[in-house]
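K.L.:
Would you mind keeping the following structure in view while I ask a few things?
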Amino acid sequence: MLLKDFLAQRVPEWQARVRKLAKELGEIPIDTVHIRQVVGGMRGLKVLVTDISYVDPYKGIHFRGYTIPEVLEALPKPHEGAMPYVGGLYWLLMTGELPTAEQALSVEDEWKARMSLPEAVVAAIRSMPKETHPMTLFSMGILAMRNDGVFAPKYAAGLKKTELWGPTLEDALLLTGRLPALAAFIYRYKYGDGTLIEPNPDLDWGANFAHMMGIDDEIYRDLSRLYFILHSDHEVGNASAHTAHLVNSTLADVFYAFSAGMNALAGPLHGLANQNALRWLMGAYDKYGGVPTKEQMEAYSWDTLNAGRVIPGFGHAVLRATDPRYTAFYQFAEQHLPESELFRTAQVAYEVVPKVLQEQGKAKNPWPNVDAMSGVLQKHFGVEPEFYTVLFGLGRSLGITSHLTWARAVGLPIERPKSVTTDMLFEMAEAASK
Ligand code: CMX
């Protein structure tokens, strides 16, 4: 059964569930808002809803209730010992149910039917100077695909609110089907010979990306599958997912919404941190002429902090323990590149940086996040650091488009929080203290 038919059976039940929350339980308060949250980036405010994923501060991301190790164990795989099909993860995110091998492959087949890049998209990328940042090209390429979307024309022709999810899903499949080719072409345009490698219909989504990059290596195929699964989702409140959600809440389509989300991902405190994290590690390696000692890494970390900068790859807005995505990458590196000097540099950082951050006493979470290890693996296969945020975005397309499909399925409204003035906050504070 195709994803769309499967969802069509589930959507009415979930529409009723959200209607009940809005109509019958809507007046029940669930939290108190503090001034620090209003002026502090809304940290911890429970104001969004999604069933796609949940981040436990200590256990990390859960995709539809499953932890990273559980997902990697349970999803169907191309062969024993390989990383799972990304199509299986998409089925899980979209439906909430672990797929059979047949269901995972049905998503892979839907993607294969949509994988080639239209000439207009290729031309749009080629029209830009090569020094353009890959995230700029990625965001542009996504917008350039919009002409083939079905949501906007179907909406213009007249759709009921309960039917909006169907064309949203169709656009989601088109977008996610094409993104590996877009990302790989951007890479080859910027850093390679500029030729486009056509997708191989015998390969799955993750492996096809590796193929279209021109890296025909079995381990890199596996790394690609792992990379996209680990980066697929992190709730809907993170900056890129939330941006896409907000834009799509206006009924702007998946292409507008995902492109906007990618512009948020491009910031140094979010998706750009992975390239910064790798550069920071390479900086330590270069400075000390090899894998630094713990003492050298400690001095290097303090130099960064004393210069008023953050140590990229460490800390998190929600997590309060080592990111399980970091652990999964660490294990992959241990298995496939134990001798890599960059990996050994990252190991030293893991032993030293949390202690330094604890001593500094500012970061609420001194432990490594996913970015502290992801670049080490990509660099091992020669992938340019500037490109890493595109890889993050490619993975994140899976979670974001699942959120968008379900937001339309359950009819979440246009977002419009209320703002107040600083005078009002002072008045409220005074009134509360009386
Ligand atoms: N190095 C130095 N200082 C850090 C730090 C780090 N890695 N992490 C947090 N801090 C500092 C903050 O800058 C903040 O300082 P000020 O009070 O001077 O503003 C203080 O500690 C408290 O911050 P926090 O509440 O612990 O963290 P936030 O929720 O504000 O920010 C994050 C979270 C990720 C932006 C932050 O930890 C950071 O900048 N880390 C480095 C960049 C990074 O790795 N980003 C990738 C995140 C992963 C993702 O995008 O999913």
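K.L.:
Kindly evaluate LYS362 against the criterion of being over 20 Å from ASP233 (Cβ atoms), touching a helix residue (DSSP H, G or I) at 6+ places or on another chain (Cβ under 9 Å) and not in a helix (DSSP H, G or I).
P.N.:
Criteria met by LYS362.
K.L.:
Within the stretch 239-285, take every residue that is assigned to a loop (DSSP other than H, G, I, E, B) and modelled with pLDDT of 95 or more and give me the one that is surrounded by the fewest Cβ atoms within 10 Å (Cβ to Cβ).
P.N.:
By that ranking, first place goes to THR250.
K.L.:
Tell me which residues, restricted to the stretch 135-158, are part of a loop (DSSP other than H, G, I, E, B) and in contact (Cβ under 8 Å) with a residue 60 or more places away in the chain.
P.N.:
MET145, GLY149
K.L.:
Got a number for residues in the stretch 335-356 being within 26 Å of the chain's Cα centre (by Cα) and under 19 Å from PRO324 (Cβ atoms)?
P.N.:
9
K.L.:
Failed condition for ASP171, given (1) assigned to a loop (DSSP other than H, G, I, E, B); (2) touching a helix residue (DSSP H, G or I) at 6+ places or on another chain (Cβ under 9 Å); (3) among the charged types (D, E, K, R), with all others met?
P.N.:
(1)
K.L.:
Identify, please: which residue in the stretch 302-325 is near the ligand (Cβ under 6 Å from one of its atoms) and in a loop (DSSP other than H, G, I, E, B) and is, among those, nearest to ALA363 (Cα to Cα)?
P.N.:
Ranking the qualifying residues of the stretch 302-325, first place goes to GLY315.
K.L.:
Looking at this structure, is PRO354 in a helix (DSSP H, G or I) and within 12 Å of the ligand (Cβ to nearest atom)?
P.N.:
yes
K.L.:
From THR100, THR50, THR132, grab the single residue that is polar (S, T, N, Q) and under 25 Å from VAL18 (Cβ atoms).
P.N.:
Going through THR100, THR50, THR132 in turn, the sole match is THR50.
K.L.:
Turning to a different aspect of this structure: Out of the residues in the stretch 326-346 meeting the condition of being free of Cβ contacts under 8 Å to residues at least 12 places away in the same chain and outside any loop (DSSP other than H, G, I, E, B), tell me which one is surrounded by the most Cβ atoms within 10 Å (Cβ to Cβ).
P.N.:
Among them, the one singled out is GLN331.
K.L.:
Considering only residues that are in a loop (DSSP other than H, G, I, E, B) and surrounded by 10 or more Cβ atoms within 10 Å (Cβ to Cβ), which ones fall in the stretch 19-45?
P.N.:
Listed by number, the residues that qualify are ASP31, VAL33, HIS34, VAL39, GLY40, GLY41, MET42, ARG43, GLY44, LEU45.
K.L.:
Using the structure shown, decide if ASP423 is on the phi < 0 side of the Ramachandran plot and within 11 Å of the ligand (Cβ to nearest atom).
P.N.:
Values: on the phi < 0 side of the Ramachandran plot: yes; within 11 Å of the ligand (Cβ to nearest atom): no.
Criteria not met by ASP423.
K.L.:
Take the residues of the stretch 254-288 that are closer than 18 Å to GLN347 by Cβ and in contact (Cβ under 8 Å) with a residue 40 or more places away in the chain: which is farthest from the ligand (Cβ to nearest atom)?
P.N.:
It comes out as TYR285.
K.L.:
Could you pull out the residue among ILE219, ILE229 that is within 21 Å of the chain's Cα centre (by Cα), closer than 18 Å to GLN335 by Cβ and not aromatic (Phe, Trp, Tyr)? Outline the logic, then answer.
P.N.:
On the way: ILE219 fails: within 21 Å of the chain's Cα centre (by Cα).
Being within 21 Å of the chain's Cα centre (by Cα), closer than 18 Å to GLN335 by Cβ and not aromatic (Phe, Trp, Tyr) holds for just one of ILE219, ILE229, which is ILE229.
K.L.:
Which is in contact (Cβ under 8 Å) with a residue 60 or more places away in the chain and either at positive phi or buried (at least 24 other Cβ atoms within 10 Å of the Cβ) (or both), of LEU196, LEU175?
P.N.:
After ruling out the rest, the residue left standing is LEU175.
K.L.:
Please verify whether PRO413 is more than 16 Å from the ligand (Cβ to nearest atom), closer than 30 Å to VAL11 by Cα, in contact with a Ser or Thr (Cβ under 8 Å, 6 or more places away or on another chain) and assigned to a loop (DSSP other than H, G, I, E, B), treating the condition exactly as stated.
P.N.:
yes
The values are calculated or read from the model by the stated rules, or taken from the named source; none is laboratory data. These figures come from a predicted structure and were not determined experimentally. Methodologically, a virtual Cβ is constructed for each residue, glycine included, from the backbone with ideal geometry; neighbour enumeration extends over all protein chains shown.
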